[in-house]
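Take a look at the structure below.
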Amino acid sequence: MHHLEFIATDKAPAAVGPYSQAVRAGGFVHVSGQLGLVPGVGQFAGPDFESQARQALANLGAILAAAGCAVTDIVSVDVFMTDLANFKPFNAIYDKFMAGHRPARAAVQVSALPLGGVVEIKCVALARS
């Protein structure tokens, strides 16, 4: 029998659809894609890529913390951005957030993101017992 634990925190934006911020299952925590929305405000941290990327990563971190995980528990990251010209600035922001941790990662360009965002980030982390 599989046991799922649904993770929710008000330190990150509420889901913008019928899904959970994260789910703990099978020794992993799967964090849903995070936009650069400010928790409790419902607006983007700014119109620019950098502010949205920093906020999306902060939201990811807050959800991981609510699940009892840290950035160093992240196994893989998927990044969706509306313009791959932002790849280099994203790497600088991401490197600072990860502080030397190097999980597997994919970064792809997409035609659009929910609510008009310019970047969305999701991850899988090892669950701490």
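The values are calculated or read from the model by the stated rules, or taken from the named source; none is laboratory data. Since we're looking at a predicted model, the values are computed, not measured. Every residue, glycine among them, receives a Cβ derived from its backbone with ideal geometry; neighbour counts consider all protein chains shown. For the accessible areas, the whole protein counts, side chains as well, though only heavy atoms, and no ligand, DNA or RNA atoms are used. Shrake-Rupley method; radii C 1.70, N 1.55, O 1.52, S 1.80 Å.
For the charge dipole of the chain, defined by +1 on Lys and Arg C-beta atoms and -1 on Asp and Glu C-beta atoms about the Cα centroid, which residue among 57, 123, 72 has the Cα displaced farthest towards the positive pole?
The residue sitting most towards the positive pole is 72.
Tell me which label goes with the value of Rg and Dmax of the Cα atoms in Å computed from the coordinates here: (1) 16.3, 53; (2) 13.9, 45; (3) 15.4, 46.
The value computed from this structure is option (2).
For the chain, what is the accessible area per residue in Å² when the probe is 1.4 Å? If you can, show how the numbers build up before the last one.
Details: 6790 Å² over 129 residues.
Computed with neighbouring chains in place, this is 53 Å² per residue.
Sequence-distant or interchain residues sharing an amide H contact under 5 Å with residue 127, placed H: which?
For residue 127, whose amide H was placed from the backbone, the distant partners under 5 Å are 28, 29.
State, as an integer percentage, the relative contact order of the chain based on alpha-carbon contacts under 8 Å between residues 6 or more apart. Display every interim value, and only then the final one.
Details: 258 pairs, mean separation 40.2, N = 129.
Relative contact order comes out at 31 percent.
Give the calculated FRET efficiency between residue 51 and residue 3 to the nearest 0.05, with a Förster radius of 41 Å applied to their Cβ-Cβ distance. Each step should come with its number before you reach the end.
Numbers: r = 38 Å, r/R0 = 0.92.
Working from the Cβ atoms, E equals 0.60.
Can you spot the lysines whose alpha carbon is less than 24 Å from residue 88's alpha carbon? Ignore those fewer than 8 places along the same chain.
Straight-line reach from residue 88, under 24 Å: 96, 122.
Which stretch or stretches of the stretch 1-34 have amide N atoms under 11 Å from the point lying 7 Å from residue 75's Cα along the Cα→Cβ direction?
Backbone N within reach: 25-30.
When DSSP beta bridges are limited to those with both residues in the chain, what percentage is antiparallel, rounded to the nearest 5?
Details: 20 of 26 bridges.
In the chain, DSSP labels about 75 percent of beta bridges as antiparallel.
Measure off, as a whole percent, the carbon and sulfur share of the 1.4 Å-probe accessible area of the chain, all protein chains present.
Values: 3970 of 6790 Å².
Answer for the chain is 59 percent, counting heavy atoms of protein chains only.
For the ranges 53-65, 111-123, what's the packing order if you count other beta-carbon atoms within 10 Å of each residue, average per peptide, and put the highest first? Can you show the working numbers first?
Values: 53-65: 22.4, 111-123: 17.8.
Sorting 53-65, 111-123 by mean packing, highest first, produces 53-65, 111-123.
Can you list the HN-Hα couplings for the stretch 122-129, worked out from phi with the Karplus curve (6.51, -1.76, 1.60; θ = phi - 60°), rounded to whole Hz and with x for Gly and Pro?
Computed from phi, the couplings for the stretch 122-129 are 10, 8, 10, 10, 5, 7, 8, 7 Hz.
Could you sort 82, 72 by accessible area so the largest value comes first, with the probe set to 1.4 Å?
72, 82
How big is the dipole moment of the stretch 28-129 about its Cα centre under a simple scheme where the beta carbon of each Lys and Arg is +1, that of each Asp and Glu is -1, and everything else is neutral? Debye, nearest 20, please.
Values: 7 positive and 7 negative charges, 50 e Å.
Computed about the Cα centre, the dipole is about 240 debye.
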